[in-house]
Amino acid sequence: MTKFTTEEVRSKFITYFKANNHTHVPASSLIPHNDPSLMFVNSGMVQFKNVFTGQEKRPYNKAVTSQKSLRAGGKHNDLENVGYTARHHTFFEMLGNFSFGDYFKEQAIYYAWNLLTKEFELPKDKLYATIYHTDDEAASYWKKIAGFGDDRIIRIKTNDNFWSMGDTGPCGPCSEIFYDHGEQIYGGLPGTKDEDGDRFIEIWNMVFMQYEQIDKDTRIELPQKSIDTGMGLERMTAVLQHVNNNYDIDLFQEIINFTENIVKVKVEGEAKFSYRVIADHLRASSFLIADGVIPSNEGRSYVLRRIMRRSMRHAHMLGSKEPLMYKLLPKLVDLMGNVYPELKRAESFISSILEQEEIRFKATLERGLKLLTEETETLTKGNELSGEVAFKLYDTYGFPLDLTEDILKNRDISVDHKGFEEQMLMQKERARKSWLGSGESKTDQLWFDIKEQHGSTEFLGYTLNEAECKIIALIKDNNLVNDIKEIDTQFLLISNQTPFYGESGGQMGDIGTIFAKDSEVEVIDTLKYLGSIIVHKCILKKGQINVGENANFSIDIRYRQNLRIHHSATHILHAVLHEVLGKHVTQKGSLVAPTYLRFDISHSKAVTNEEITLIENKVNEIIRDNHEVNTILMATKDAVKQGAMALFGEKYDSEVRVVKMGETSLELCGGTHVRRTGDIGCFKITSESAIAAGVRRIEAVCGEFVIKLMREKDNLLKSVESSLKTNKNELITKVNNILERNRELEKELEKTHLASLDLSIEQIEKQAEQITGIKLLHKKVGNIDNKILRQAAENLTKKLEDLIVVYIAEGIGKLSITVAVSKAITDKYNAGIIAKELSLFLGGSGGGGQASLAQAGGNDIGKLTNIHEKLYSLLTVS
């Protein structure tokens, strides 16, 4: 049996099916496109889901893919086993061949058998097949094609060999191919009591989609039968490299050996598991970041953080004192960057995020581990760590719950999940509960029906501002209707063609007017559904509108022109950001409005004022150069080859529209643009801020809105000059003088306040109240700074050994409480406790501090009249 590298296995699989007239479809993003039921793509069929259901048509009926997949959240949560078993991974590659109504069982089995035994040269006596127990047809093909007897065809009654999309929809029996690693390894055949052993390993699964589940009792034959298959690349490579553990294949071994050279700890004993965890999680983290996920505490971003922090904890176990993961990235890019170019494109950004997250976590890791050690010192095998401590580790030290469990695993100590979840009720959903899916609402079947019946809407707006169009559908309250009669009714309108641009690619939709016979409709927004149905959001202003009639569609030209200006400016800005900030910059989101633009980018630090100035200058230079803006239709792969920027999350057809602005910018874009860059007029950045870890937001205005902004700033400047009785040349000097004088006055006021609160021992003795053997000095004061009250109170308690000072400062709608206790009596009277109780009494949330000095707040001014009684009760109880 020939030994193949991982790259050769992947290549041979794809080449084999391409030779058998399958279209090679590139891997989709790990983030499911328009599928709210999934957090991550976890199999090869996900990108074809709508093809299998008949909701989407493709220009091919046979496909082959190598799909990057991830299982670490929701149903497929394999995280705790990764690194410790032979075949659990977070990230993995799923090889698959698919048929959409073309070939079926016999051909699928033939393709699989021929590839395994002839191309990969697997010994036939090492292979077994499973089928669904009633699938006699599949059994007959296994006998015919592979020559199997009944002893090599295992009938399985469970749902392991019957696949379905859900309670309803396409479904069908499965047939799996198993490989025998040999009797030297423990394990039994599928269906036996020893099936969970490692001897017999599933290497290929074929799903025969031949039924449609109507309801729980009704299943009918599909008119178009399909094939969905999956072969785990890592598993297959292990077989072909004569190893039984996926982590022993060349791909993982290269990463592990590279890590060992940095860490200088041998790959043996417990360290071996840490190396495996790091190798696996490096792949998962890097590919997720490349596909646009950034670590945070919500949804799929939290899953990424869990994966990253688990690997970082294992790096810590290996003795790594400095961030490690980003140092391993070049090796991963070297191994997988040619197959997945997104890794190369995003390498510097991935590196930055890996390093930042590890620095952030290392800052709390040691302290968190110390707390965990202290809290588990008295716990023994079989005991449980309280949910409160687990939550503190999570909330204060950034330990995901499964990381805490991972640490305690070897000691056989569990975690109180119920207690942990109770602590989480006051927080946003995180960890297991944070699993939010893709965040998109399910596409209504209504839109699929409209597209099936009428096809896509033809967009005329690249060349026309108005056109006669036929109304093909009206929707009110999510129902199709034949007409709209009531004035001021809001509804949706779909036509066969339209000059109105439907919101997409960040550009807002058009507004305008529709006229039909004696009716008038105001279009207040334009949307896009299923990528190609343009939907007008309307209000009936006059008359009646009917399905089937022709109408004049007219956009608001000024509104559209301002959209064009800001959209073209985003393209120029994107190109300039690459030049000024670096090639790592990728677009994370955008909004093109008629009055401004918003552009979110991957960048790990704030953009400096100097960089902003340089960006503005370069954008305005390109505008002044008045480059021609051209649009070209070309094949997607050709556009990308020419350097056109394709945006993450966008789904492109085989032919795309490329927008070219001189030699400056080349992007795939379906939006509307100016004719020449000079039409933009001018460009000004109005704000730059962080919106997430590693993501910056830039907002800017163009054209007339720059002039408006400058006019507003000029008016503000004149108003300030008038108020300060100066001119712009002297303004900075005048302001600095005022600030300096203000600081001097503040210092004088501080001295005055301190002097007014300072008392001699005799004055204290005279003003203080005697309570249970101590002296209480309680004063209501004005809106004095907390720092002064703290200093004054502390000064007084140093003069006597039995004094408690309480100041209540009344500000605008709020109260400030300062409590100081002479150190000689802090064993009996605690300033922190007194301050907290007073705060709660006065409507605050509590406070605290040291035993000798504490501060807190309140807001119930009405209760001040009873403050003396509250103080008396506190001190007599103490």
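Calculated FRET efficiency, Asp194 and Asp125, Cβ-Cβ r, R0 22 Å, to nearest 0.05? Between Asp194 and Asp125 the formula returns 0.65.
With +1 assigned to the C-beta of every Lys and Arg and -1 to the C-beta of every Asp and Glu, and no other charges, what is the dipole magnitude of the stretch 755-807 about the Cα centre in debye, to the nearest 20? Could the numbers behind the result be given before it?
Working: 8 positive and 8 negative charges, 37 e Å.
Dipole magnitude for the stretch 755-807 comes out near 180 debye.
Counting only Cα atoms, the stretch 703-742 measures 41, 15, 15 Å along its principal axes, largest extent leading.
Once fully extended, how much extra length lies between Asp334 and Asn736, figured as 0.36 nm per residue of separation less the alpha-carbon to alpha-carbon distance?
Numbers: separation 402, 0.36 × 402 = 144.72 nm, distance 5.61 nm.
Using 0.36 nm per residue and subtracting the Cα-Cα distance, I get 139.1 nm.
Secondary-structure-derived ellipticity at 222 nm for the chain, considering helices only, amounts to -11500 deg cm²/dmol, per-run term -39500 (n - 2.57) for DSSP H runs with n ≥ 4.
The separation of the stretch 838-878 from the stretch 170-184, counted between C-alpha centres, amounts to 71 Å.
Give the shape of the stretch 250-434 as rounded, prolate or oblate, defined through the alpha-carbon gyration tensor: a ≥ b ≥ c are the square roots of its eigenvalues, a/c under 1.5 means rounded, and otherwise the shape is prolate if a/b is larger than b/c and oblate if not. Working shown, then result.
Values: a/c = 2.31, a/b = 1.47, b/c = 1.58.
It comes out oblate by the Cα gyration axes.
Separation of the stretch 559-610 from the stretch 384-410 is 41 Å, based on Cα centroids. In terms of its alpha-carbon gyration tensor, the chain comes out oblate; a/c meets the 1.5 threshold, while b/c is at least as large as a/b. Computed about its Cα centre, the charge dipole of the stretch 6-243 is approximately 580 debye, with only Lys, Arg, Asp and Glu carrying charge at their Cβ.
Compute the Cα gyration tensor for the stretch 6-243, then decide on rounded, prolate or oblate, letting a ≥ b ≥ c be the square roots of its eigenvalues: rounded whenever a/c is under 1.5, prolate when a/b is larger than b/c in the other cases, and oblate in all that remain.
Values: a/c = 1.29, a/b = 1.16, b/c = 1.11.
Here the stretch 6-243 falls in the rounded category.
Sparsely packed loop sites in the stretch 170-266 (the chymotrypsin sites (Phe, Trp or Tyr not before Pro) outside DSSP H, G, I, E and B with at most 15 other Cβ atoms within 10 Å) comprise Tyr186. Loop-resident GluC sites (Glu not before Pro) (DSSP state other than H, G, I, E or B) in the stretch 774-871 with no more than 15 further Cβ atoms inside 10 Å of their Cβ: Glu801. Of the residues Phe17, Ile623, Met308, the one whose Cα sits farthest toward the positive end of the charge dipole of the chain, with +1 on the Cβ of Lys and Arg and -1 on the Cβ of Asp and Glu, is Ile623. Taking 19 Å as the straight-line reach from the Cα of Lys264, the lysines in range (excluding those fewer than 8 positions away in the same chain) are Lys272, Lys321, Lys327, Lys331.
Do any GluC sites (Glu not before Pro) in the stretch 99-171 lie in a loop, going by DSSP, with at most 13 other beta-carbon atoms within 10 Å of their beta carbon, and if so which? Each step should come with its number before you reach the end.
Working: sites: Glu106, Glu119, Glu121, Glu137; in loops: Glu121.
Taking the stretch 99-171 and a limit of 13 other Cβ atoms within 10 Å, the loop GluC sites (Glu not before Pro) found are Glu121.
Here is the link list: Lys588/Lys814; Lys3/Lys57; Lys68/Lys143; Lys392/Lys836; Lys618/Lys713; Lys49/Lys605. Which ones come out longer than 31 Å on Cα distance? Beyond 31 Å between Cα atoms: Lys588/Lys814; Lys3/Lys57; Lys68/Lys143; Lys49/Lys605. Evaluate E = 1/(1 + (r/R0)^6) for Lys541 and His578, where r is the Cβ-Cβ distance and R0 equals 45 Å; express this FRET efficiency to the nearest 0.05. It comes to 0.45.
A dipole drawn for the stretch 758-877 from +1 and -1 charges on Cβ atoms has a positive end, and of Asn859, Ser873, Ala820 the residue lying farthest that way is Asn859. Dipole size of the chain about its Cα centre, with +1 on Lys/Arg Cβ and -1 on Asp/Glu Cβ: approximately 1580 debye, rounded to the nearest 20.
Note on the chain: dipole from Cβ charges, positive end direction compared against His571, Leu379, Leu343; the farthest Cα belongs to His571.
Shown for the stretch 445-555: lysine pairs separated by 8 or more places, or found on different chains, whose C-alpha atoms are under 24 Å apart, numbering 25. Ignoring lysines fewer than eight residues from Lys799 along the same chain, the ones with Cα atoms less than 23 angstrom from its Cα are Lys751, Lys766, Lys775, Lys779, Lys780, Lys787, Lys823, Lys828.
Rule-based calculations on the coordinates, nothing more; no lab input. No experiment lies behind these values; they were computed from the predicted model shown. Don't worry about glycine lacking a Cβ; one is built from the backbone with ideal geometry, like all the others, and counts go over all protein chains shown.
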